[in-house]
Amino acid sequence: MKQMHMRILSNQQVSDRYWHMVVDAAGLDAEVMPGQFFNIRCSGETYPLLRRPFSIYRINRNERTLEFLYLVKGLGTKRLTERKAGETVDIFGPLGRSFELQDGWKTVLLVARGVGIATLTALAQDAAEKGIRAAAILSARSRNDLLAAETLQGFGAHVYKVTEENGNSDVESVHRLIEQILAEHKIDAAFTCGSKRLSRLLRDVTASRGIPAQIALEEHMGCAMGVCFACVCDVREGEALKTVRVCKEGPVFPLEKVVLA
Amino acid sequence: MKQMHMRILSNQQVSDRYWHMVVDAAGLDAEVMPGQFFNIRCSGETYPLLRRPFSIYRINRNERTLEFLYLVKGLGTKRLTERKAGETVDIFGPLGRSFELQDGWKTVLLVARGVGIATLTALAQDAAEKGIRAAAILSARSRNDLLAAETLQGFGAHVYKVTEENGNSDVESVHRLIEQILAEHKIDAAFTCGSKRLSRLLRDVTASRGIPAQIALEEHMGCAMGVCFACVCDVREGEALKTVRVCKEGPVFPLEKVVLA
Amino acid sequence: MTIKQELDLTVNIGSLTLRNPIMPASGAFGEDMEQVIDFEQLGAVVPKSITKEPRKGNATPRVCETVGGMINSIGIQSKGIVYYLEHIVPYYRRYNTPLISSISADSIEEFVEMSEIIASREEVAALELNISCPNLKGNGLAFGMDPEITYRLLQAVRQVTDKPLIAKLTPNVTSIQEIAIAADEGGADSLNVANTILAMAIDVHTRKPKIGNGMGGLSGPAVKPIIVRMIYQVRQVSALPIIGCGGVMNGEDAIEMILAGASAVQVGTASFIQPTAMLDILEEIKQYMRTYGIANIKSLVGQVSATK
Amino acid sequence: MTIKQELDLTVNIGSLTLRNPIMPASGAFGEDMEQVIDFEQLGAVVPKSITKEPRKGNATPRVCETVGGMINSIGIQSKGIVYYLEHIVPYYRRYNTPLISSISADSIEEFVEMSEIIASREEVAALELNISCPNLKGNGLAFGMDPEITYRLLQAVRQVTDKPLIAKLTPNVTSIQEIAIAADEGGADSLNVANTILAMAIDVHTRKPKIGNGMGGLSGPAVKPIIVRMIYQVRQVSALPIIGCGGVMNGEDAIEMILAGASAVQVGTASFIQPTAMLDILEEIKQYMRTYGIANIKSLVGQVSATK
Ligand SMILES: Cc1cc2nc3c(=O)[nH]c(=O)nc-3n(C[C@H](O)[C@H](O)[C@H](O)COP(=O)(O)OP(=O)(O)OC[C@H]3O[C@@H](n4cnc5c(N)ncnc54)[C@H](O)[C@@H]3O)c2cc1C
Ligand SMILES: Cc1cc2nc3c(=O)[nH]c(=O)nc-3n(C[C@H](O)[C@H](O)[C@H](O)COP(=O)(O)OP(=O)(O)OC[C@H]3O[C@@H](n4cnc5c(N)ncnc54)[C@H](O)[C@@H]3O)c2cc1C
Ligand SMILES: Cc1cc2nc3c(=O)[nH]c(=O)nc-3n(C[C@H](O)[C@H](O)[C@H](O)COP(=O)(O)O)c2cc1C
Ligand SMILES: Cc1cc2nc3c(=O)[nH]c(=O)nc-3n(C[C@H](O)[C@H](O)[C@H](O)COP(=O)(O)O)c2cc1C
Ligand code: FES
Ligand code: FES
């Protein structure tokens, strides 16, 4: 983890609520892995005061650029939209533990909702590079929010879109979809991000079949470097519960271990 | 007094420490007079929180524009420099009492220091329009800060420049200069802004000769509309002292009445 | 989509009914503001605290800025009660908006004396007792720092008037609840939570305090979370209507205080930045009520969930 | 132009001499920060407050943002004293920087017991007694709100160790001076002014508190003027070295606290925003000293003029 001022190469609105930012990461010496995140200073003001955490959306090792896909939620992300290409952005990272893709896995299932799509896109990219196929269920409020679908398809992922708009994003529908995918493909591992409901569903489905699954969690952060204990969640250790830091021990955890409140 | 969002026509650095801003005042219905000021929101942030007061530097009634000349002092003025032509700026005013030019006056003396030069420039303009000649002593740290000199000359003022740089801005030198001007011209009234030392000097010189004099004061402000009593100064009322508001009863006062602490 | 409906914004402060919950904070309002806002649209008008004798106030600078806030030490510059009765009170007669007179005094006896005189004027709808101003006495002490004195003060003033008494509490205390209970038991009809927080800023270049008086009172958005906490705490121990005050800049801030337990909200510093702030806030409150289908603002008071 | 000179940045906290006045605030520092700053350059290291037994801490979200500040309610999540002695204390042995152990406890007896054990470790240079954490007990109560308890607590801990004792005061009191005197008389060697200010924020859309625990402690630049005032007040009644804490974001903020009366300064929230904040602040302090020709930082302590 390192604090850097990276040049913004582009920062553009890509749909009603989503923006996409590309930064020049030439100065970054550390390897960045899918599931990891950066803590970004959205403005130089005292309000918003804290940095905001964003997962890596795409890692372009050749171009040495990093991409973020973000939802405009409150003041911090609003300020981030005001940053222009050519300016620098104050970025701290890479932070946290990444997803793990094991040797020998051939097909993985991704179940993402909302901004979780950004997080799993980096994983799809990594999977593609490792020759692993991905089936991805992308869930969102509206079709408009499913902008990463094409990027994922570009990585060869088989994409299933579900939205409130289309009335097929309820848990039951997604359950049927997952069952269908599991029936058609041998899924070696599953990954999820962005929805507690879908995470519980995926946990139940994968647990009963013994499919390993990983989840990337979000929690409000103070330091994002493991010292303040703001960002905790509970994980099972045998019979006991252990309170661990999302920014340090996470944000990626084995799905069966996390307590999905 | 009215709050308006005025379009910035230009906002440019004119010397090391000074900036010049022109705004479109077409929406302003009130008459603006020299010595009056506007309370400007330098940024939309919560820090700087308060507005900042700036005198009118030039009033262009035909073009319906207003000009400000400001010194970059702290956070507020720094933020003001970041505002760009085309944007709007949140302006509240016009505020306070103006200088008064009496019918029949033929020649007036202006003694300005630092940002006080901005305030007296508007007066020189008004004097010129009324056919009153002005002799202006402009005092500053460096020649670089005397940028309004040409504007004043443009209004037909006879300008005397004194600076620390040139070693002729001390009170004694200015005193000699004033005496010289008084010897050469019949001065009907004197005006000052920007320096306590020079104001005391001018008060003594004008009092002994019975020349009416006016001063524009500065004080830290809260509301700038007369309700908070932050901006007070003491004025003499006969034998007694009265505490009055710079934003309301001022910023222009008869020089002999104000207590120059 | 939101349905257009009649919104009930009225709130009660003791026997007094206000047309809406928004009013100015004392010291940040005065007759001169008639040029920028329509006083008829306010819930109440609250002129600057008045003292018995004329007071000169403190040395300048009287205000300075801090991150998200400002410190003031005006020192209750005042023209005295005679001027107040002759000029200020009659001025507000032209508006159909309740006049709340803020009173500052140096002793319980003086509070009683002034309250009796001012409350006897029919134009005055209620009294706000400023028992909290941190500037009056050395080291920021105030009546409202002591529950016993607060109780006695309220009880004494209660004897001389039936008009609603609002006790303006100081936040500079260990237990705002203790003071709130004392004021309640003493006979207050409403509690204003709260005045400014004692603060200081130093110019590192001159090594002098940034305001003439050394210390002063902090106001503005920086203090809002402290005040919201205190409103929430006071609401737990007293059934009196609370007037929230401190750092309200917009409609959501006002709603936040109402959810914490305030019946009405005062706006101070915000008016310096945005002269029309009070009316803007009122519009934003209405918008919030429409969005969430709330017909009656009173139904929101204290409606925060106990925990997340 | 400024002349290059040797700057003396050393400060004394009781018998302890620190190489410079900058150290972390407990709860905003930990071993993981070794990746971003060189601990050898700090005046001291102060790990998160430790409790006797392991503690789970509070519900999430544990932090939220306010204007110029943040509220936290971690609830002193802690691995307990056994882990602390086995892992944390030995870890800091590798640095030539004094280790100040922050202790949090539920009773005077527990403070004594823990202090004795921790102070007996030679790696520990001083103890900071967190008598102020507003999260531990219901309604934000803390030992440091009562002068009598503060006195007894310090006196009791004083019996079991000769190492410097720093009492970390709570700002949530009517008179910080009273508490400072109590801690001083009880036997403290230094006073930390201060912990966080009890606060609350409510999400107007969900109508829930923004942090899991409802209330929490406010830190960050918003609180600095309140803390500077308290440092100034404490300095007037106690000769003990003060450690200023609350809202320091840059070198000028640190100098401001030193002028108000602090001998050393802790940095918390700033490190979240700027991980290298402590070292940046140190550089800015040096720059300030060079600009004003100050050879010895100690000569600045308390050097604010009485008035403007
Ligand atoms: C590890 C991680 C990865 C993330 N990756 C992405 C991403 O790739 N794209 C994206 O759009 N969003 C992502 N988020 C969520 C993103 O951090 C929040 O949406 C953002 O912080 C909101 O800030 P705001 O000021 O706009 O909103 P506000 O709601 O005004 O924020 C107020 C405060 O709450 C915090 N907060 C609000 N929502 C969240 C949240 N979901 N998680 C953590 N803190 C929150 C903010 O950081 C801030 O401190 C991620 C969060 C985490 C923890
Ligand atoms: C009636 C009036 C007219 C003015 N006209 C001009 C002008 O035409 N051009 C110009 O450059 N300056 C003018 N000033 C001064 C100008 O207002 C200050 O320089 C400015 O407020 C500094 O803000 P800052 O944030 O940059 O500095 P900071 O020093 O960081 O300001 C901190 C706080 O102190 C206040 N403050 C600092 N200096 C002054 C001051 N001299 N007067 C009042 N408040 C102050 C600020 O408003 C702010 O609240 C005038 C002041 C007054 C009262
Ligand atoms: C300049 C100024 C003057 C004030 N004068 C008074 C006063 O005379 N009486 C009083 O009770 N409160 C006074 N206050 C406090 C305000 O009424 C209010 O309690 C405080 O400012 C917090 O609210 P705000 O954050 O909305 O400003 C004053 C505040 C300011 C900023
Ligand atoms: C996330 C967080 C955790 C904290 N934990 C502790 C703690 O365990 N013990 C303690 O004495 N203070 C704790 N504090 C308070 C800080 O030490 C410090 O007093 C406060 O944050 C003010 O300083 P700042 O404004 O520089 O952050 C904590 C503060 C924060 C923000
Ligand atoms: S955010 Fe501080 S420990 Fe994770
Ligand atoms: S600034 Fe408020 S009265 Fe002048």
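The values are calculated or read from the model by the stated rules, or taken from the named source; none is laboratory data. This one's a predicted model, so the numbers in the text were calculated from it and none came from an experiment. Quick reminder, even Gly has a Cβ in these numbers, built from the backbone with ideal geometry, and neighbours come from all protein chains shown. When the accessible area is computed, the model is the full protein with side chains, heavy atoms only, and any ligands, DNA or RNA have been set aside. Shrake-Rupley method; radii C 1.70, N 1.55, O 1.52, S 1.80 Å.
A few comments on the model shown:
- Tilt relative to chain B, helix B:116-129 - C-alpha long axis, 0 to 90 degrees, to 10: 80 degrees
- Neighbourhood net charge (12 Å Cβ-Cβ; Lys/Arg +1, Asp/Glu -1) for B:L120: +1
- Which of B:L66, B:G76, B:V89, positive extreme of dipole for the stretch B:2-95 (C-beta unit charges): B:G76
- Projecting the Cα atoms of D:A183, D:S120, A:V111 onto the dipole axis of the protein assembly as shown, where Lys and Arg carry +1 and Asp and Glu carry -1 at the beta carbon, places A:V111 farthest toward the positive end.
- A:A207-D:R93 FRET efficiency (beta carbon distance; Förster radius 41 Å; 0.05 resolution): 0.40
- Interface residues, the stretch C:182-219 - accessible area loss of 30 Å² or more versus chain alone, probe 1.4 Å: C:L198, C:M200, C:I202, C:V204, C:H205, C:R207, C:K208, C:P209, C:G212, C:M215, C:L218
- Per-residue 3J(HN,Hα) values for the stretch A:138-154, derived from phi via the Karplus relation 6.51 cos²θ - 1.76 cosθ + 1.60 with θ = phi - 60°, read 10, 10, 7, 4, 9, 4, 4, 7, 9, 5, 6, 3, 5, 4, 5, 4, x Hz in sequence order (x marks Gly and Pro).
- For the stretch B:197-214, Karplus couplings with θ = phi - 60° (6.51, -1.76, 1.60), whole Hz, Gly/Pro x: 4, 5, 5, 4, 4, 5, 4, 4, 5, 6, 4, 5, 9, x, 8, x, 9, 10
- Sequence-ordered 3J(HN,Hα) estimates for the stretch C:72-81 from the Karplus curve with 6.51, -1.76 and 1.60 and θ = phi - 60° stand at 10, 9, 6, x, 6, 4, 8, 8, x, 5 Hz, glycine and proline given as x.
- For D:K224, a cut-off of 18 angstrom between C-alpha atoms picks up these lysines, skipping any fewer than 8 places away in its own chain: C:K208, C:K210, C:K224, D:K168.
- Chains D and C together bury some 4500 Å² of accessible area, summed over both sides, with a 1.4 Å probe.
- Label-point separation in nm, B:E45 to D:T276, each point 7 Å along Cα→Cβ: 2.1 nm
- Residues whose amide H lies under 5 Å from that of D:A201, counting only those 5 or more places away or on a different chain, are D:K210, D:I211; hydrogens are built 1.01 Å from N in the peptide plane.
- Spin-label model, C:K298/A:A26: points 7 Å from Cα along the beta carbon direction are separated by 6.8 nm.
- Distant-in-sequence amide contacts of A:A134, defined by a placed amide H-H separation under 5 Å and a gap of 5 or more residues or a different chain, comprise A:V108, A:H158.
- Solvent-accessible area per residue for the stretch A:217-261 (1.4 angstrom probe, square angstrom): 40 Å²
- Distance (nanometres) between label positions extended 7 Å along Cα→Cβ at D:T291 and A:E100: 5.2 nm
- Cα centre as origin, Lys/Arg/Asp/Glu Cβ charges: the protein assembly as shown dipole, Debye: 1320 debye
- Drop in accessible area of at least 30 Å² in the complex versus isolated chain, residues of the stretch B:30-75, 1.4 Å probe: B:E45, B:T46, B:Y47, B:L49, B:L50, B:R51
- Excluding ligands, DNA and RNA and using a 1.4 Å probe, chains D and A jointly bury around 2600 Å² of accessible surface, summed across both partners.
- Summary of the geometry: the stretch B:130-161 and the stretch C:17-74, compared by the centres of their Cα atoms, lie 41 Å apart.
- For the stretch B:2-95, accessible area per residue (1.4 Å probe, heavy atoms of protein chains only), Å²: 41 Å²
- Centre separation in Å (Cα based) which lies between the stretch C:167-191 and the stretch D:155-218: 23 Å
- Per DSSP, loop trypsin sites (Lys or Arg not before Pro) in the stretch C:125-206 with at most 13 further Cβ within 10 Å: C:K137
- Accessible surface of the protein assembly as shown [probe 1.4 Å, protein heavy atoms]: carbon and sulfur percent: 47 percent
- FRET efficiency, 1/(1 + (r/R0)^6) with R0 60 Å, evaluated for A:D170 and B:K84 via beta carbons: 0.80
- Summed over the residues of chain C and divided among them, the accessible surface reaches 33 Å² per residue at a probe radius of 1.4 Å.
- Selection from B:V159, B:S195, B:I181 lying farthest towards where the dipole of the stretch B:156-198 points positive, charges on Cβ: B:S195
- Area of A:R79 that stays accessible when all protein chains are in place (1.4 Å probe, Å², to 10): 40 Å²
- Estimated [θ] at 222 nm from DSSP helical runs (n ≥ 4, -39500 (n - 2.57)) normalised by residues in the protein assembly as shown, nearest 500: -7500 deg cm²/dmol
- Other-chain or far-sequence residues with amide H under 5 Å of B:R17's (modelled H): none
- Accessible surface, 1.4 Å probe, highest first, among residues C:F272, B:F229: B:F229, C:F272
- The charge dipole of the stretch A:119-202, taken about its Cα centre with unit charges on the Cβ atoms of Lys, Arg (+1), Asp and Glu (-1) only, comes to about 140 debye.
- Cβ-defined net charge surrounding D:N72, 12 Å radius [Lys, Arg +1; Asp, Glu -1]: +2
- Rolling a 1.4 Å probe over the protein heavy atoms leaves A:M1 with an accessible area of roughly 40 Å².
- Net charge over other residues, Cβ less than 14 angstrom from the Cβ of D:E86 (K, R count +1; D, E count -1): +1
- Interface residues of the stretch D:233-273, defined as a loss of at least 20 Å² in heavy-atom accessible area between the chain alone and the complex of all protein chains with a 1.4 Å probe, are D:Q233, D:E252, D:E256, D:L259, D:F272, D:I273.
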